[in-house]
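Structure first, commentary second.
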């Protein structure tokens, strides 16, 4: 199973500028390899992941070192996911309204780059006692806040800048062993609603009900706050503001769901269609389909914390 340690980095102005410089080069590397693969895709030919990876690696290895390879491979993962969605679309496994789209570029319309640094799993060291992350290739020591929850085989680290919070965060995936026993013949049905966030019934007669009132209450609270800020911005003919980004953060984003793998169960509920978990679908009072993002650190997801611990194996990139 994969879990992720997410920690906030404590950086000064000098470290911030160094990370920003590396993140911009990483974004350029991503954009270039993505463009090469996009051209191959548009021409109707096979996307050559190996050739394009070597091309960008030779160009960016003097700055990003071996991590340039990780950027290309991360992009390849997105392309393979895109191709698998196309296949499922043709097989009729996806909703009619859903249209798979190829990986995007790490640069918005205003010319601002997405700030992310990708580091190979053996090119950094974590000292939990000193609370530092050492980036070997760049000779950078990054201090962080908090404690690490997971301790086993580490994966590649992604250092991401959150513009709304104006902070750097390190996402460190960890491969952990699951002690759960798998019974491959069990099936489960999951019904998602408003009053009961999830009603789970397993073939062996076991059932669970998880209340969703507090989740809906928090959703409506943030929706109201977002509406108020949007009205203020419209009054001043503005579209964006940091406060609005912060409000959008906990309300949830679209993703996919995977339930009951640790029990070897198979979901039969039509509300769920998924491969990996990022959240839970549900409906509001007006029948609007919404998606609740899973974030164990948010207090308003406490009602489904037990649900996640028992039934969900969630995937982190």
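Just so it is clear, none of the values below were taken in a lab; they were calculated from the coordinates. Quick caveat, the model's predicted, so the values are computed rather than measured. Heads up, the Cβs are rebuilt from the backbone with ideal geometry, glycines too, and the neighbour counts pull from every protein chain shown.
Per residue, the convex hull around the alpha carbon atoms of region 2-175 comes to 152 Å³. Between residue 199 and residue 231, the FRET efficiency estimated from the beta carbon spacing at R0 = 41 angstrom works out to 0.65. A crude spin-label estimate for the pair residue 122 and residue 41, with each label 7 Å from Cα along the Cβ direction, gives 3.1 nm. Between residue 132 and residue 98, the FRET efficiency from the beta-carbon distance, with R0 = 45 Å, is close to 0.55.
A full extension of the chain between residue 164 and residue 77 corresponds to an added length of 28.6 nm, given 0.36 nm per residue minus the alpha carbon distance.
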